1. Residue pairs, Cβ under 6 Å, 6 or more apart or interchain, first in segment 200-215 and more than 14 Å from ARG230 (Cα to Cα) and exposed (fewer than 13 other Cβ atoms within 10 Å of the Cβ), second modelled with pLDDT of 90 or more and of a type outside the set (Phe, Trp, Tyr). List them.
2. Among the strands (runs of 3 or more DSSP E) confined wholly to segment 140-195, which include 3 or more residues that are over 17 Å from HIS83 (Cβ atoms), at pLDDT below 95 and out of contact with any Asp or Glu (no Cβ under 9 Å at 6 or more places or on another chain)?
3. When you check ARG4 against the structure, is it more than 18 Å from the chain's Cα centre (by Cα), buried (at least 22 other Cβ atoms within 10 Å of the Cβ) and either at pLDDT 90 or above or under 30 Å from GLU142 (Cβ atoms) (or both), yes or no?
4. Determine whether GLY98 is assigned to a loop (DSSP other than H, G, I, E, B), closer than 26 Å to ALA29 by Cα and either in contact with a helix residue (DSSP H, G or I) (Cβ under 7 Å, 6 or more places away or on another chain) or without any contact (Cβ under 8 Å) to a residue 12 or more places away in the chain (or both).
5. Take THR143 and decide whether it is over 19 Å from LEU234 (Cα atoms) and of a type in the set (S, T, N, Q).
Amino acid sequence: MCPRSAAALGLVDRDPGHLVARCLLIEDASELILLDTGFGTNDIATPSRLGPARFVIAPRLDPAETAIAQIRALGHDPRDVRHLLVTHLDLDHAGGLGDFPEAEVHVHAAELDVVRRRQWRTRLRYRSGQWDHGPRWAEHAETGGSWFGFERIKLIEGLNTEIAMIPLFGHTAGHSGYAIRTGDRWLLHAGDGYLRRGEIATPREASRALDGYHVINSDNAGRRRENADRLAALARNEADRVTVFCSHDPGEFARDTPVAGPS
């Protein structure tokens, strides 16, 4: 038996008027896996590398809230983070890649393809300086089997923890969630598949502002909405087996709540 846990890194739900950039730290038997990185230490040292988006989203660039600082605060050595799982490469999800230069970075191949093509329309959301250290990219595309009706991509052989990449395209071309088995239950980090819990509530809590945002900021708004509807059905029908949460709703996954199960 090996201990296994997952802890959410992010702001405490003390200001529900703001969004968080939630990461997930997964403890395996002998290594750590970090799911998304949020903003990194280089973003805080040089905010200009975030480009115009920093004025739009006005992030609180606090060194103590970086993933690397929170990992240290939990008593871990950041060098033990061997794998980084990214839902997508938007600047608020990939800023900390450079804080873990030796880690392998897992990403859907469609996402990395868009980044490499450097199209003008993606320059606001993707900031190449966040990966100018030359990450060890691990591209994934081939699906195998299904997970609660979703396609799945199996990740990282040899772990005690079962992790699957779940393609959830729409917000970006290769946007994906990650499913993590914890005992007899699953966690699904749905990234930016939705932004507020009300979007997948039953009944759905409509928001013209959010709907407008998704239209403007989606690679494929129709596909994103279709996947959000599927996430709503999953959260409704499989609540006893799956916990669904997104990157930015501050109240969905309480900070420092361990989820443990036998390996």
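The values are calculated or read from the model by the stated rules, or taken from the named source; none is laboratory data. These numbers come from a predicted model, not from an experiment. Here the Cβ is made from the backbone with ideal geometry for all residues, glycine too, and neighbour counts use every protein chain on show.
1. GLU205/GLY198; VAL215/ALA221
2. The strands (runs of 3 or more DSSP E) meeting that bar number zero.
3. On the way: more than 18 Å from the chain's Cα centre (by Cα): yes; buried (at least 22 other Cβ atoms within 10 Å of the Cβ): yes; either at pLDDT 90 or above or under 30 Å from GLU142 (Cβ atoms) (or both): yes.
Yes.
4. On the way: assigned to a loop (DSSP other than H, G, I, E, B): no; closer than 26 Å to ALA29 by Cα: yes; either in contact with a helix residue (DSSP H, G or I) (Cβ under 7 Å, 6 or more places away or on another chain) or without any contact (Cβ under 8 Å) to a residue 12 or more places away in the chain (or both): yes.
When the stated conditions are applied, GLY98 does not pass them.
5. On the way: over 19 Å from LEU234 (Cα atoms): yes; of a type in the set (S, T, N, Q): yes.
Yes; evaluated as a whole, the condition is true for this residue.
Conditions (1) within 30 Å of GLU157 (Cα to Cα); (2) touching an Asp or Glu at 6+ places or on another chain (Cβ under 9 Å), marked per residue:
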| residue | (1), (2) |
| --- | --- |
| VAL20 | no, yes |
| CYS23 | yes, yes |
| LEU32 | yes, yes |
| THR37 | yes, yes |
| ALA45 | no, no |
| ARG49 | no, yes |
| ALA53 | no, yes |
| PRO59 | no, yes |
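Every residue, every condition in (1) charged (D, E, K, R); (2) surrounded by 18 or more Cβ atoms within 10 Å (Cβ to Cβ); (3) modelled with pLDDT under 95; (4) not in a loop (DSSP other than H, G, I, E, B), yes or no:
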{"residue": "GLU102", "(1), (2), (3), (4)": "yes, no, no, no"}
{"residue": "HIS106", "(1), (2), (3), (4)": "no, yes, no, yes"}
{"residue": "GLU111", "(1), (2), (3), (4)": "yes, yes, no, yes"}
{"residue": "LEU124", "(1), (2), (3), (4)": "no, no, yes, no"}
